[in-house]
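Following: one structure in structure tokens, then a few remarks.
The values are calculated or read from the model by the stated rules, or taken from the named source; none is laboratory data. Nothing here was measured: the structure is a model prediction, and the numbers come from that model. For neighbour counting, all protein chains shown are included, and Cβ atoms are generated from backbone atoms with ideal geometry for every residue, glycine included. SASA here: full protein model, heavy atoms, side chains in, ligands and nucleic acids out. Shrake-Rupley method; radii C 1.70, N 1.55, O 1.52, S 1.80 Å.
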Amino acid sequence: MHPPTEKHRLKIHFLGGAKTVTGSKFLIETPEIHILIDCGMFQGLKELRERNWVDLPVDVSAIAMVLVTHGHLDHTGYLPRLVQQGFKGTIMGTAPTLEITRIILEDSARIHEEDAERANEEHFTKHHPAKPFYNQKEAAATLRFFKPIEEGSWIRLSQHVKCRFQPVGHIIGATFIELEMYGKRFVFSGDVGRPIDYLLAPPEQPLRADYLFLESTYGDRLHEEDPPEDKIIALVNKVIESRGTLIIPSFAVERLQTLMYILWKLYQKNRIPNIPIYVDSPMGNNVLAVFEQFPKWHKLSLQEYEAMCDHINIVTSYKETWEVIDKQGPKIVIAGSGMVTGGRVLTYLKQMIDMESTQLLLVGYQAEGTRGRHLQEGVHEVKLYAKYVPVKAQVHQLMSLSAHADQRELLDWLGYLDTAPHMTYLVHGEAAAANALRVKLQTEKKWRIHIPELNEVVSVELST
């Protein structure tokens, strides 16, 4: 006689990262344990940003742990709010991921405080007084829940649940997460990196997935194949000719270090002259230290790392920011943030975006509703610190530096799966991108696909 099968019902809550590329949060309720995969902030559209202020529609105190795929704000930026709402569990990720998360939360808290202070001083707020989304004390309180784990090994979470973190490229420390639950494997891709990267090894690939949660950021396109160096050289020549400034808004994690590496290499190979290069991103400077701290997570030798840092001027204070702005002659400025939503880049743009000698280079994904997306779409004026400034700078875009796999690379990443997943959920992508990837997967692989809505809850019944 066969032993009777036991049924186990799981619930999956799509609390973010559904039909949007921000706010990733996926809650899994099992009979034994409640697990949150990622805990990101919404960015971009106002209606999404306003959701950040609404408590999660679940019992936060029942969540035993948060498993973090990587440190980006749209995957970790909500953690202090989770703690405010009663979370007392464990926050697990690789050591570099938790270090990046610490840097990002501390920086984010400082920006929230500064924004609230400025809003109160200049009275451009509906709320009196304006309050920070969370403050530096609350960010610091979140760190006590951190527990670094080793990648590549299974970790037992409860009797029938275990997890494993596998490197996935994208940024330093980033992983995809496998959850083995009641004999079935659930794979959360996080953000999948690219097979060829200046600084990182190619992503590991999943071998089995009964249920797959796949990012779809670039599910509707293929990246440019032109080497980014060519466009950068052309723009450097332009600013030398006009004695202007090349401003590159950059994500502080990975993109900034990649740009430093490319510019240093171009100079080394005599492909660009010794034009002054300034990196103005307090958070980016801290992330540079993470590269030094975790050498096994990237391809740079210590000698290369030191030579690259020596070649570039690291701006360490706001006073220096103004000194760079006032410096005459051609220069390159790399400053946060990548989607032009905040950070030091706004100060440079306020002073220089109305000058025809300014070249602006966007080097990554620009989420819907962000200032970066507006500039990408060719707006003639942009709002900076509550005032509209005319855009006279030339705006350029470079997609070949993206840290996200494109449609083809996502399909290739799935190439080692032994059988089709029972269900694939397309997450972390705007509706059009997710839909294009759905069509591709259904056509090429004949897979079952579902694109969840925000706050949708899916039940899965498993037998053991």
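Quick notes on this structure:
- Of residues in the stretch 271-317 being part of a loop (DSSP other than H, G, I, E, B) and among the hydrophobic types (A, V, I, L, M, F, W, C), the one nearest to the chain's Cα centre (by Cα): Phe294
- Hey, Val192 of a type in the set (Val, Ile, Thr), more than 16 Å from Thr76 (Cβ to Cβ), assigned to a loop (DSSP other than H, G, I, E, B) and modelled with pLDDT of 95 or more or not: yes
- Scan of the stretch 349-373 for residues that are within 23 Å of the chain's Cα centre (by Cα) and of a type outside the set (A, V, I, L, M, F, W, C), ordered by number: Gly364, Tyr365, Gln366, Glu368, Gly369, Thr370, Arg371, Gly372, Arg373
- Residue list for the stretch 349-367, filter: in a loop (DSSP other than H, G, I, E, B), open to solvent by 10 Å² or more (accessible area, probe 1.4 Å) and without any contact (Cβ under 8 Å) to a residue 60 or more places away in the chain: Asp354
- Of the strands (runs of 3 or more DSSP E) lying entirely inside the stretch 368-457, those carrying at least 1 residues that are hydroxyl-bearing (Ser, Thr, Tyr), in contact with a strand residue (DSSP E or B) (Cβ under 6 Å, 6 or more places away or on another chain) and open to solvent by 70 Å² or more (accessible area, probe 1.4 Å) are 387-390.
- Members of the stretch 18-57 found to be among the aromatic types (Phe, Trp, Tyr), open to solvent by less than 20 Å² (accessible area, probe 1.4 Å) and in a loop (DSSP other than H, G, I, E, B), listed by number: Phe42
- Qualifying residue in the stretch 78-97 (condition: of a type in the set (Gly, Ala, Ser), open to solvent by 10 Å² or more (accessible area, probe 1.4 Å), assigned to a helix (DSSP H, G or I) and in contact with a strand residue (DSSP E or B) (Cβ under 8 Å, 6 or more places away or on another chain)): yes
- Members of the stretch 202-244 found to be under 19 Å from the mean Cα position of the chain (by Cα) and either among the polar types (S, T, N, Q) or open to solvent by less than 10 Å² (accessible area, probe 1.4 Å) (or both), listed by number: Phe213, Leu214, Glu215, Ser216, Thr217, Tyr218, Gly219
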